[in-house]
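Take a look at the structure set out below.
The values are calculated or read from the model by the stated rules, or taken from the named source; none is laboratory data. All values derive from a computational prediction rather than experimental measurement. Here the Cβ positions follow ideal geometry from the backbone for every residue, glycine too, while neighbour counts run over all protein chains shown.
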Amino acid sequence: MKKDILTILDLTKTDIDDLLNRAIELKNLQKQGILFRPFIGKTLGLIFDKPSTRTRVSFEAAMIQLGGTPLFISAKDTQIARDEPVRDTARVLSRYIDCLAIRTYSQSLLEEFALFSSIPIINALTDLYHPCQVLSDIMTIVEKKGRYDKLKIAWIGDGNNVAHSWINAAAVLGLDLVLACPKDYYPDEEILKRALERGRGKIHLTSDPVEAASGANVLYTDVWASMGQENEHKERKLVFAPYKLRGKLLQYASEDVIVMHCLPAHREEEISEEVLEGPKSVVWDQSENKLHMTKAILEALIGGKSVVL
Ligand code: CP
Ligand code: NVA
C-alpha cells in the first residue's frame, strides 16, 4: 500500500529512526562523491501554492541526485486554478508520476489529494504542519548532540505550522518540548490534546520565553507572521517583541545550546543578527539537511531500484 506523509503522526518512532539513519548515510555517500541513482525513470511532481526556496530546491535537487526527474507544477497554471476538482487532478496525476509533494494552505486539500491518489503524497508545508522540516531538524539535532531524547527543546514564538509538527514529533519520539508563545498565539488546542493523549514525551506550554529558554539545549524560532498572515505582520511585531531570540535570552540556556530557525529569517524581528550569525547558530547545516532528509523520505516512499535496460 502506498504511504503518505501528511503529518508526523503518519510515522512511527521506528519509521523516524530509520529515516534519520538513512539520511545520515545518504549525506555521507554524497560527501564521499559516490553517485547513487535508484530513481532513473521516476518522476516527482511538486505542486506549490505558496513561495519556497529551500523546500522546493531541496526536493528538486534530491530527486535529480537520486537519478529521477522533478516536475514543478505551478498550481495557478493548472486546471486546479479553474476549479477542476482535486479528486480528478489527483487521479490523473497518479497515472503520470511516482510521487507528489504539495505546498498549500489547507491541510484538508492535501488529505483529499492523498485519498484520491494512488501515489505517495508528501506535505511540503500547509497552514497546519511542516513535517519534512521538523524531520530534517531532528537530523540536525542528532548530528550536533548525538541524540534527540534527554534534551530540552524550546520553541520560542508563534504556535504555528512548524510548532505543530514539533508537538507531533514530541508525541511520537518522546521529546522534552517546551513552547513559549503569546497567549493568543498558542498552538492549536486539538493538535496539542491529541499529542498529549499519546502519553509520550513532555510537552509544556508557557507564555514566558525565559522559562522556556532556561536550561534549553535547543532554542528554535520561526517567523512571527507565516505565509498567508502578511496582513497581521504589523500587529504581530508588537505582540511578539518579548519573544525575540537575542543574546539576553541565550544567557538562560544551557552552555551547549544550539540555535535553530527553519528560515527564511527576519533579522531583528524573531531573531537578532548577532544570534543568527553567532557561534551557537546551526541554521546553515539545518538548511542543508533538508536535502539529505528529503532523499531518505523519497527513498522510503517511492522505494524500489530502477533497472536500466
Ligand atoms: N524552511 C522552509 O520551508 O523554507 P522555504 O519556505 O524556503 O521552503
Ligand atoms: N511558519 C512559516 C514557515 C516557513 C518555512 C510559514 O508558514 O510561512
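Can you tell me which residue among Ser254, Ser281, Ser214, Ser287 is within 16 Å of ligand 2 (Cβ to nearest atom) and of a type in the set (Gly, Ala, Ser)?
Going through Ser254, Ser281, Ser214, Ser287 in turn, the sole match is Ser287.
Every residue, every condition in (1) farther than 12 Å from Glu299 by Cα; (2) within 16 Å of ligand 1 (Cβ to nearest atom), yes or no:
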{"position": "Leu9", "(1), (2)": "yes, no"}
{"position": "Lys13", "(1), (2)": "yes, no"}
{"position": "Ile16", "(1), (2)": "yes, no"}
{"position": "Leu26", "(1), (2)": "no, no"}
{"position": "Phe36", "(1), (2)": "no, no"}
{"position": "Ile40", "(1), (2)": "yes, no"}
{"position": "Phe48", "(1), (2)": "yes, yes"}
{"position": "Ser52", "(1), (2)": "yes, yes"}
{"position": "Thr69", "(1), (2)": "yes, no"}
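Considering the stretch 67-81 alone, what residues qualify as being in contact with a Leu (Cβ under 8 Å, 6 or more places away or on another chain) and closer than 26 Å to Val162 by Cβ?
Pro70, Phe72, Ile73
Could you grab the pairs with beta carbons closer than 6 Å, sequence gap of 6+ or different chains, first residue in the stretch 85-101 and farther than 10 Å from Ser118 by Cβ, second one modelled with pLDDT under 95 and not small (Gly, Ala, Ser)?
Close Cβ pairs satisfying both conditions: Thr89/Ile80.
Somewhere in the stretch 170-180, is a residue within 15 Å of ligand 2 (Cβ to nearest atom), under 30 Å from Glu299 (Cα atoms), modelled with pLDDT of 95 or more and not hydroxyl-bearing (Ser, Thr, Tyr)?
Scanning the stretch 170-180, I find no residue that is within 15 Å of ligand 2 (Cβ to nearest atom), under 30 Å from Glu299 (Cα atoms), modelled with pLDDT of 95 or more and not hydroxyl-bearing (Ser, Thr, Tyr), so the answer is no.
Here are Leu192, Leu128: which of them is surrounded by fewer than 24 Cβ atoms within 10 Å (Cβ to Cβ) and either assigned to a loop (DSSP other than H, G, I, E, B) or within 16 Å of ligand 1 (Cβ to nearest atom) (or both)?
Leu128
I need the full set of residues from the stretch 39-65 which are β-branched (Val, Ile, Thr) and within 28 Å of Gly228 (Cα to Cα), in order please.
Of everything in the stretch 39-65, those that are β-branched (Val, Ile, Thr) and within 28 Å of Gly228 (Cα to Cα) turn out to be Ile47, Thr53, Thr55, Val57.
Looking only at residues that are of a type in the set (A, V, I, L, M, F, W, C), over 12 Å from the mean Cα position of the chain (by Cα) and closer than 20 Å to Lys295 by Cα in the stretch 115-124, which one is farthest from ligand 2 (Cβ to nearest atom)?
This residue is Ile119.
Which members of the stretch 241-254 meet the condition of being aromatic (Phe, Trp, Tyr) and farther than 11 Å from Ile271 by Cα?
Passing the criteria: only Tyr252.
Sort out which residues of the stretch 125-139 are under 17 Å from Gln286 (Cβ atoms) and near ligand 2 (Cβ under 10 Å from one of its atoms), and write them in order of number.
Leu125, His130, Gln133
Counting only residues that are part of a helix (DSSP H, G or I) and under 16 Å from the mean Cα position of the chain (by Cα), how many does the stretch 150-189 have?
13
Restrict the check to the stretch 143-151 and report whether at least one residue is basic (Lys, Arg), more than 11 Å from Leu6 (Cα to Cα), in contact with a strand residue (DSSP E or B) (Cβ under 6 Å, 6 or more places away or on another chain) and away from ligand 1 (no atom under 16 Å from the Cβ).
yes
Among the residues of the stretch 193-217, write down those that are touching a helix residue (DSSP H, G or I) at 6+ places or on another chain (Cβ under 6 Å) and either under 11 Å from Lys152 (Cβ atoms) or not hydroxyl-bearing (Ser, Thr, Tyr) (or both).
Ala195, Arg198, Arg200, Gly201, Ile203, Pro209, Ala213
Please count how many residues of the stretch 168-190 are more than 11 Å from Gly201 (Cα to Cα) and touching a helix residue (DSSP H, G or I) at 6+ places or on another chain (Cβ under 9 Å).
Final tally of qualifying residues: 9.
If a residue must be loosely packed, with under 15 Cβ neighbours inside 10 Å and among the hydroxyl-bearing types (Ser, Thr, Tyr), how many such residues does the stretch 207-221 contain?
Of the residues in the stretch 207-221, 0 are loosely packed, with under 15 Cβ neighbours inside 10 Å and among the hydroxyl-bearing types (Ser, Thr, Tyr).
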